[in-house]
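The structure appears right after this line, and notes come after that.
A short reminder: the numbers here are calculations on the coordinates, not readings from a lab. Keep in mind the model is a prediction, meaning the values are calculated, not measured. Reconstructed Cβ throughout: ideal geometry from the backbone, glycine too, with neighbour counts over all protein chains shown.
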C-alpha cells in the first residue's frame, strides 16, 4: 500500500473542500472496497477523505410513504433498524446478508451505492424498489444512477447524502452468494406495488439490470409458479471460474422464484 | 476418564499464550539493525530473462541492496535439494533439474524468485521492488497436466523430454494385467484429484542473522522441522557447517505440510545477512503465500478394479499423472509415489495391484506434501472405485467392503504394494461408524428429504493410511535422502522437575500438552512439572521434525525410550541409596521401591542424589539426563470408516452436508480432546477439498485463484457438527501403541462426500463428479444426466 494522507471531516462541505484541495484524493465511506484495492496497489489515492464522521449522512426516517436512509448508515445499522424492518423487511434482510459481520459493521449504504460493484447487493434493492439517490446537489433515479460496472453519473466531488426508498406493497430478495467472497453470483430483488412489479438482478451481469420478462409474468400472476421454467438469456452475463453465464442465467430464475416466495 | 497422564482430556498448556495473543512467531522477532527484504517475483509463467536493471531501485529511498540469482551464483550458492530420489521403471534416476533460490536466466512459474530488494523498512523494500526492471522474454507456458503431456508440448526443462520427471511403477504388472484380463467384472474410473493451496494462517517468514564475531548464522523461520532445514540449507545450499548454523522455528501458525520444505527465502535471507552484515527479515504477504507456498495434490488418474463373480477384488490397475510443478520441492517426488501407490491395498485383500505414476513438470508452483500427502489421493481412487463397483454390480456397498476386508487374524498382512500392516480390525471400525451414522435409518431420511424436493445420498469410505515413515534403512532403499528417526531428550533437574527436548516441532498439534502427559504417565509427576522444548537446533540435540502424523508415534516413542534410560539409571542410584540390589528395585508412579518392602525413594530424591552425588554408586556418571534416538520398525497404520450424508438442492446444485460420522482406529489415545480437535481440523480440510477448494491456473499459467476472493477456504458455517468415535487396536511395534491422527480427516472424508453426492444423484444416472463438487458442477451433472 502506498502512503496516503487521511482526513475525516465533520461536514459534507468540509469533505468537499478537502477533496478539492488535494490532488488525486478519494472519498471513502467505510472502505470495504477501497481499502482492499489499496492493499493490492490497484488504487493509490494521494489522500483519503473519510465520510464516516459526518452527522448529516446519518439517520433513518419515514417520509410520505418512503424510507429515507442516510448514506452513512452501515449495513448492520440498516439490517437491525426497526424502521427498515417494519417498512421494507426485505431491505433489512438484504443489508444483513452483505459480506460478513466485519464488512457490515464498516461498510455503508452510500459507499456501496457509489462504488456500484456489479455483484453488490444494494443496487438490486435500489432498482427494484424504484429508489432515488440523493446527493449534495441533485436527485437521481436508481435506474439512471447505475450505468454499468462501477459506472455512475457521480461527479468527483459529489457526495451521496441519502437514498429514498418508496415503501412497496411487498418485496423479497434472494441471492446465491459466491462461496469465497460472499458477493452475489446472482441476486434478485422483487418488489410489487399493486399491479406494478419490478425485478432487479445483481451479480449475474456487468451491472444491475431488470428482468422485464419476469416482471410481465408476475404482473399477471404474482406467484413463484408464474416464473416456472423462466430464465434470463445467458447472453451478456458474466462467465468466469466462479460461475458460467449459463449457470448464472439459471440461478436468476431460481432466485427470482425464491424472492417472490419471500415477499410478505 | 483419567484426570492426568495418558487418556486425560487435559486443556492445552500452550493455549494460554495462543488465545491471549502472546504467541511468539517469526514476524514478532526483530533483531538489532535489521533490514527488510521484499522478493521480486515473476509475473510470467515461463520466460527467459534478458536482463535485470536495478539502477532505479538502488536509487530509491532506504534501499540497501538489490541482489539476484547471479550474485548467489557468484558466491557459489547451491540449489534447493530434493529430499527423495525416485527411479524410472527401467531403474534410471528421475530428472532432477537445478533449483537455485533465485533464478539466473529463466523463470518457470508465476511467483518464481527473481531478485531480492533489501531496505531499511518493509515499505521501502516493496516500493523499490516495483522499480526493478526485469526484461522477460515470454516462452510457451505449460499450465497443467494436459498441456504437459500433449504431443509436441513445449518443455519446462530442456533436460526433461516430454516434461517427464519420472515414470515409476509399483507392484506386479503382469499379475495385475492377468487378473484384469480374466475377471468377471472390471470397474473403470477416470478422476481428478484437485490441486489445493495450503493456506496456513501464518504466512511464511524468515530472518537471517549473521554474527561476524564468530562467523555464525541464525535463521528464524516458519518451519515444521528446523533440523532438516539446517541439514538441507547448511549442507546443500550455503555450505555451512552445523556448529555455525542455528535454526529457530518458534511458534508457527499452522503448516499442514507446507512448512516442511526448505524454501528459497530461507537461504536468501541467511546468505544476504552475511553479505550485508546485518539481519534481514522477510515476511510473506498473503498474495505471496498463494504463489510461493508449495501446493498439494493435482493428479489425473485412470483406474480399473477387477472383481470375480462373487464381488471379491482380484486386481487393481492405476495410472496416474502427477503434477510436480516447476521444480522438485523437498519431498515432492515422494508424495505421488511411495506415499501414494503403497496405499492401494487399502483395507482389502486385493492380491494383484500395479500402479504407474508419471510425474510431470509444469509452469506452476511446486507441488509437495499437504495434509495427507499422497494418502488422500490413494483413498479417493480406491473408495470411489469401490463405490462404483457396488453400483455396477448391484451390491450393497457395506457388504462389498466387508467381503474384501483383511481379517484380524491375517495380521501382520503383507500387501502387494510394499507395506506390511501390523494390526487392525476393519469390521469393528466400520461397524462403529455404521452405528454412529444410523446407517440403517438412511432410507427413511431419504424419503423424507424427497418430500421436500431434496436429493439425499449416503457415502462411505473405509481406508487405511500410513504414518511415521520408517524404518530409516527401508526409506533409504526407497530413495529417501534422510533418516526418519526422532530424538527425545529427557532432562530431570536436581529437584525433580523435567524438561523434555524433542525434535518434533509443534505448530498447532499440542505437543506441549500431549508429550507432558506421556512423561506424567511414565514418570509419575504432574504435567505442570514438565516443560516441552522444541524448535531450536541450539537446544534440541537433533530431530527430523513434524509431518506424516509422526510426532507421537516416532517423537513420542523417542521420549518414552529416553524415559526408560532415566528409569534404568535412576534404579541404580535408588538401589544404592536404599542399599538394595538393583534387580530388586522397581519403578512405579514416580517412586523407586525395593520390591516387597516399604523402602522407597521418589524420583526427585534420586535426581537430587544424581546432581549432588555425595552418596552415590561408584563408577556411575552423575546427572540424570538421557537422550534416545528412536528409529521405528515400521510405519503405523491408522484406519477408519467415514460415512457422509448429503442433501442436494436440485434447483441450484448446492450440497448440504447433513452428517459426517467417523469411527477411527488411531491407536492408543493420549489426549482425547486433542484427538477430536485433530479429527475436526482434518475433516474441515477434507471437506474443503471435496466441496470448496480448487486452485486454478489459466492456459497461460496465470494463477486465477490467487486470493480469498475466489479460493474458497472452508468456514465454520460450511461444516456440520461431526460425530467422531473410535475402535482402537494398539500399534504393535512402538512402545506407546500409538498410530497417528493428524491427517485422518483429510484422507478419509473426501471420497465419502463424493460417494454420497453420487449416491444422491444416482437416480438421475450420475456416475461420477469431480472435486470440488461445487453447486455448478452438481447442477451441470444433473442437467447432463437428464439431457
query: Label 7 Å along Cα→Cβ of residue A:246; the stretch B:760-779 residues with amide nitrogen under 19 Å?
result: B:764-779
- line: Note on the stretch A:170-262: contact order normalised by length, alpha-carbon pairs under 8 Å, 6 or more apart, percent, works out to 31 percent
- prompt: log10 I(q)/I(0), Debye, Cα-only the stretch B:42-100, no solvent, q = 0.28 Å⁻¹?
  reply: -1.18
field: MRE, 222 nm, helices only [DSSP H, n ≥ 4, -39500 (n - 2.57), over the protein assembly as shown, to nearest 500]
entry: -8000 deg cm²/dmol
Residues listed by number, the stretch A:42-66, amide nitrogen under 20 Å from residue A:14 label point at 7 Å toward C-beta: A:47-59
message: Please arrange B:96, B:44 by how many other C-beta atoms lie within 10 Å of their C-beta, fewest to most.
response: B:96, B:44
statement: Over the stretch A:57-166, the quotient of the Cα radius of gyration and 2.2 N^0.38 Å is 0.95
query: Can you give the convex hull volume of the alpha carbon atoms of the stretch B:1-65 per residue, in Å³?
result: 227 Å³
- prompt: Applying 1/(1 + (r/R0)^6) with R0 = 30 Å to the Cβ-Cβ distance of residue B:696 and residue B:784, what FRET efficiency is obtained, to the nearest 0.05?
  reply: 0.90
field: Alpha-carbon gyration tensor eigenvalues x 5, square-rooted, for the stretch B:458-522, Å
entry: 31, 21, 10
field: Label-point separation in nm, residue B:409 to residue B:50, each point 7 Å along Cα→Cβ
entry: 7.7 nm
query: Hey, what angle do you get for helix A:245-262 against the long axis of chain A, alpha-carbon based, 0 to 90 degrees rounded to 10?
result: 80 degrees
message: Could you tell me the calculated FRET efficiency between residue B:3 and residue B:31, based on Cβ-Cβ distance and R0 = 51 angstrom, to the nearest 0.05?
response: 0.75
Cα-based shape type of the stretch A:170-262, given that a ≥ b ≥ c are square roots of the gyration tensor eigenvalues and the cut on a/c is 1.5: prolate
field: Equivalent ellipsoid, the stretch B:404-528 (semi-axes from 5 times Cα gyration tensor eigenvalues, Å)
entry: 42, 25, 15
- prompt: Taking only C-alpha pairs under 8 Å that are 6+ residues apart, what is the relative contact order of chain B in percent?
  reply: 16 percent
- prompt: Given that compact globular proteins tend to follow 2.2 N^0.38 Å, what is the ratio of the alpha-carbon Rg of the stretch A:1-99 to that value?
  reply: 1.26
query: What is the calculated FRET efficiency for residue B:474 to residue B:215, with r their C-beta to C-beta distance and R₀ = 35 Å, to the nearest 0.05?
result: 0.35
- prompt: When Cβ neighbours within 10 Å are restricted to other protein chains, what is their mean count per residue of peptide B:773-781?
  reply: 3
- prompt: Cα centroid distance between the stretch B:385-402 and the stretch B:206-249, in Å?
  reply: 53 Å
message: Over all directions, how big on average is the projection of the convex hull of the alpha-carbon atoms in the protein assembly as shown, in square nanometres?
response: 47.0 nm²
- line: Quick calc of log₁₀ I(q)/I(0), the stretch B:698-787, Debye, one scatterer on every Cα, no solvent, q values 0.15, 0.22 1/Å, result -0.87, -1.19
Average Cα contact separation per residue, the stretch A:57-166, under 8 Å, 6 or more apart, as relative contact order %: 29 percent
message: For chain A, take the longest principal axis of its alpha carbons; what is the angle in degrees between that and the long axis of helix A:12-21, to the nearest 10 within 0 to 90?
response: 60 degrees
field: Where N is the number of residues in chain B, Cα Rg divided by 2.2 N^0.38 Å
entry: 0.98
query: Quick one: if you stick a label point 7 Å off each Cα along the C-beta vector at residue B:762 and residue B:120, how many nm between them?
result: 7.0 nm
message: Using a 10 Å cut-off around each Cβ of peptide A:177-187, what is the average number of partner chain Cβ atoms that fall inside?
response: 4
- prompt: What is the average number of partner chain Cβ atoms found within 10 Å of a Cβ in B:705-712?
  reply: 4
- prompt: What order do you get for B:515, B:331 when you list them from fewest to most C-beta neighbours inside 10 Å?
  reply: B:331, B:515
- prompt: Measuring from the lowest to the highest alpha carbon on each principal axis, how far does the stretch B:632-774 reach, largest first, in angstroms?
  reply: 52, 39, 27
- prompt: How many Å³ per residue does the convex hull of the Cα positions in the stretch B:152-295 occupy?
  reply: 201 Å³
field: All Cα pairs of chain A, percent lying beyond 32 Å
entry: 20 percent
message: What distance in nm separates the two pseudo spin-label positions at residue B:445 and residue B:174, each 7 Å out from Cα along the beta-carbon direction?
response: 4.9 nm
- request: Just order B:279-291, B:25-37 by mean Cβ neighbour count inside 10 Å, highest at the front, would you?
  value: B:279-291, B:25-37
- request: In whole Å, largest first, what are the principal axis extents of the Cα atoms in the stretch A:5-50?
  value: 30, 20, 11
- request: Sort A:42, B:72, A:149 so that the residue with the fewest other Cβ atoms within 10 Å of its own Cβ comes first and the one with the most comes last.
  value: A:42, A:149, B:72
- line: Stokes-Einstein D for the stretch B:485-630 (25 °C, 0.890 mPa s, Kirkwood Rh from Cα pairs), in µm²/s, comes to 159 µm²/s
